[in-house]
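Working notes, structure below.
Every number here is computed from the coordinates shown, using simple stated rules; none is lab data. Bear in mind that the values here come from a model prediction, so they are computed numbers and not experimental data. Cβ placement follows ideal geometry from the backbone for every residue including glycine, while neighbour counts extend to all protein chains displayed.
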Number of protein chains: 2
Amino acid sequence: MYVIMDLSGLGERKLVERLLGFVDDWYSSSEDAAAIQIGGITLVFSSDMLVARTDVPPGMTWKQVGWKVVVMNLSDLAAKGAEPIGGLYAFGLPKWFKVNDALEIASGIKEASNFYGARYLGGDVNESDEVVVSGAVLGVTEKFVPRGGAKPGEVVAVTGPFGLTAAGLKILLEGLESGSEKDRCLKTVYQPEPRIREGVTLAKGGYASSCIDSSDGLAASLHELAKASKVGFAIDNVPIPPEVLVFAQRNGLDPYELALYGGEEYELVATIPEAKWEDAVKAVEKVGGSLHRIGRVIQENEVKFKHPEEGWVKISWKGYEHFTS
Amino acid sequence: MYVIMDLSGLGERKLVERLLGFVDDWYSSSEDAAAIQIGGITLVFSSDMLVARTDVPPGMTWKQVGWKVVVMNLSDLAAKGAEPIGGLYAFGLPKWFKVNDALEIASGIKEASNFYGARYLGGDVNESDEVVVSGAVLGVTEKFVPRGGAKPGEVVAVTGPFGLTAAGLKILLEGLESGSEKDRCLKTVYQPEPRIREGVTLAKGGYASSCIDSSDGLAASLHELAKASKVGFAIDNVPIPPEVLVFAQRNGLDPYELALYGGEEYELVATIPEAKWEDAVKAVEKVGGSLHRIGRVIQENEVKFKHPEEGWVKISWKGYEHFTS
């Protein structure tokens, strides 16, 4: 029997896998970004589309939408260790959309681009049913950091804490209760930041053997790295801010669930050989960032987490997935 | 009184003008493509979004949709004289969309990219209300051909005939009558071709002083070139295929209206100094293309056309415009 399947039956991850079958293997086709070697330099080229219905939470201003689409795009460059050059942003906007709101998006794109050392190079304008802003960015790197370079025994590190965005989205989308922790949780939702200096530093110094951004959630990012590197991870220490602990307790949630399966966070997840760890920490601190050791690369193909109460548990490959979520 | 205006009150062209106020002036911000000088080479970077409701006519297959988004994007590179390197294509697809149709789009993107010497480098997948495919392409050029370089006295040339797409769209969208001319008209709608070899040849040989593609229609393209170059054009000879003449007569239409205001054609419109004209024609023919002289650059800021029956008439700045059309 031949079944015609729609995307809700397949899910985003499996669709991406099948689409990758068509992609030309230039350098590495399973990355979020393509690497292009030309004239002795390595360009990193990446695209990310913002669709209002899934990427714009209630209360976000149109200028913040402009910032967010830049962050989404530059974060992929950061993970590959690339310094941003500039980006193009194509708009799909409804007829009823306000002119001033369109200009606010553009002004956010320009501010965010320039803030992170990139240029807003232009784009395209189209009519559509819903607000869509599709970015494409170009960067340059001395060393492209792949997903597939992690080796057993290396340190697994992240550039910041987890769980704030998950808490913020639960406040905004599910109406969960919050108190003094609310402000910080919402700030990470409305004003995400890409870890460009950290990514460039990890690449330039030759510290990172593999890297990915955590925009699909920490759990999914660890699984992607593990799969590409053919290794596993034993995670025993995820940095969770006090605001997330307070929010979790207030609502009877497990803070580790928030930290692992949240998504929409733009931290980097990298693996670093033990011998380079101290230098890497110093180098990242020197550019104003921080590195947190969260675990170790292991040989077995599994991603596990030492829960403080439940002991070692498997981290499942879940996170936000288009079409089925 | 302060009026909140929506996009249907402003129109695409004026919105683009206002958005360009935010774009960083890297090399030339009023182009369809950005030029980036790096490591001694000039990269050309362009993006174009396909939205099904306006860019996919009835009867087009999903594989043809994949080809079309590649053509839309590569055509902008061709106009700047750039050889394509590769492209990223971000998908916005509804939940109900068929998996096989998504794969057909990807297979069209791959086929078209490879056919024109480009690579399909990846992209992004999102859930949206309607089908959107946003492309971003990168090329390399020895000489970036601007919009603003036309000089009075030069030849105005195009790389092919006009009017077939307008006729084809009238058959498909308005149900106008057609006979033996139908096949060729529909073929240009379903299988558009970018003029890459022609554009690269015009740039490499230093023949073209300015160039644009005609995707917004011949009239709009001439106006864009005239405005950027601060000149005008006197057009006296637009190549119109016999099929368009037959279709126009059958339906009581002016074939020149179809040729000038059609849109969705991917020919190049270029200006070439008289002294280089013959060499330019030979060079373009050598790569399998053709150049047609359609008029001359004039000093006055007007775009006029010598209609065979009505004499000199002004070509108005119209063509398909999002939000108001």
* Structure fact -> Once the dipole of the protein assembly as shown is set up from charges on Cβ (+1 Lys and Arg, -1 Asp and Glu), the residue from the list B:LEU138, A:GLN191, A:GLY122 lying farthest towards its positive end is B:LEU138
* **FRET efficiency for B:LYS230 and B:HIS292, using Cβ-Cβ distance with R0 set to 22 Å, rounded to 0.05** => 0.35
* **Phi-based couplings in Hz for the stretch A:34-41 (Karplus 6.51, -1.76, 1.60; Gly and Pro marked x)** => 9, 9, 10, 8, 8, x, x, 10
* Structure fact -> Mean per-residue count of partner chain Cβ within 10 Å for A:156-165 equals 0
* Using amide H atoms built 1.01 Å from N in the peptide plane, name the residues 5+ places from B:ILE298, or on other chains, whose amide H lies under 5 Å from its own. => B:GLY153, B:GLY232, B:PHE233, B:ALA234
* If you bin every alpha carbon distance in the protein assembly as shown into 20 Å steps from zero, what whole percent lands in each bin? -> 19, 50, 25, 6, 0
* Structure fact -> Here the whole-number average of other chain Cβ atoms within 10 Å per Cβ of A:47-59 is 4
* Total charge dipole magnitude, the protein assembly as shown, about the Cα centre, Cβ charges on Lys, Arg, Asp, Glu only, Debye to nearest 20 -> 940 debye
* **Distance histogram for the stretch A:94-154 (every C-alpha pair counted, 5 angstrom bins, percent rounded to whole numbers)** => 4, 11, 18, 18, 12, 11, 8, 8, 6, 3, 1, 0
* To do: Quick one: compute the contact order of chain B, relative version, from alpha carbon pairs under 8 angstrom and 6+ residues apart, as a percent.
  => 22 percent
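What value does the stretch A:155-314 have for Rg/Rh, both radii from Cα atoms and Rh as Kirkwood defines it?
0.97
Sort A:48-61, B:83-96 by the packing proxy (mean of other Cβ within 10 Å over each peptide's residues), most packed first.
Values: A:48-61: 18.3, B:83-96: 23.4.
Ranked from most to least packed, the peptides come out as B:83-96, A:48-61.
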* Taking the Cα centre of the stretch A:31-141 as origin and charging only Cβ (+1 Lys, Arg; -1 Asp, Glu), how large is the dipole, in debye to the nearest 20? -> 240 debye
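For chain A, give the magnitude of the charge dipole about the Cα centre (Cβ charges: +1 Lys/Arg, -1 Asp/Glu; no others), in debye to the nearest 20.
Approximately 500 debye in magnitude.
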* For A:ARG293, net neighbour charge (Lys/Arg +1, Asp/Glu -1) across residues whose Cβ lies under 12 Å away -> -3
* Structure fact -> Output for the stretch B:23-93 (equivalent-ellipsoid semi-axes, sqrt of 5λ from the C-alpha gyration tensor, Å, descending) is 27, 13, 10
* Semi-axis lengths (Å, descending) of the ellipsoid that matches the C-alpha gyration tensor of chain B -> 28, 25, 21
* **Positive-end residue, chain A charge dipole about Cα centroid, Cβ charges, pick of A:LEU225, A:ILE272, A:GLY295** => A:ILE272
* For peptides A:299-306, A:212-219, sequence by mean Cβ density within 10 Å, most packed first -> A:212-219, A:299-306
* Shielding of A:112-121 by partners, i.e. mean partner chain Cβ atoms within 10 Å per residue? -> 3
* **For chain A, calculated [θ]222 nm from helices alone, where every DSSP H run of n ≥ 4 adds -39500 (n - 2.57)** => -11000 deg cm²/dmol
* To do: For B:LYS306, list the aspartates and glutamates whose Cα falls under 19 Å from its own Cα; do not include residues on the same chain fewer than 8 positions away.
  => B:GLU154, B:ASP236, B:ASP254, B:GLU257
* Taking the mean number of other Cβ atoms within 10 Å as a proxy for protection, how do you rank A:288-294, B:266-272 from highest to lowest? -> B:266-272, A:288-294
* **Choice from A:GLY295, A:GLY39, A:GLY263 with maximal GNM fluctuation in chain A (Cα, 10 Å cutoff)** => A:GLY39
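Rg to Rh ratio, the stretch A:31-141, alpha-carbon atoms and Kirkwood radius?
1.00
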* Just report the Cα centroid separation between the stretch A:274-325 and the stretch B:72-138, whole Å. => 34 Å
* Asked: Any idea what log10 I(q)/I(0) is at q = 0.12, 0.15, 0.18 Å⁻¹ for the stretch A:105-235, Debye with uniform C-alpha scatterers and no solvent?
  -> -0.68, -1.00, -1.21
* So which lysines can A:LYS187 reach, going by Cα to Cα under 17 Å and dropping same-chain residues fewer than 8 places off? -> A:LYS63, A:LYS68, A:LYS170
* To do: Would you work out which of A:PHE305, A:VAL155, A:GLY168 lies farthest towards the positive end of the dipole of the stretch A:155-314? Charges go on Cβ: Lys and Arg +1, Asp and Glu -1.
  => A:VAL155
* Förster radius 35 Å - calculated FRET efficiency between B:LYS98 and A:THR61, Cβ distance, rounded to 0.05 -> 0.45
* Structure fact -> For the stretch B:126-135, in residue order, the Karplus 3J(HN,Hα) values (coefficients 6.51, -1.76, 1.60; θ = phi - 60°; whole Hz; Gly and Pro = x) are 9, 9, 8, 6, 10, 7, 10, 10, 9, x
* Asked: According to the Kirkwood expression over distinct Cα-Cα pairs, how big is the hydrodynamic radius of the stretch A:121-187, in Å?
  -> 17.2 Å
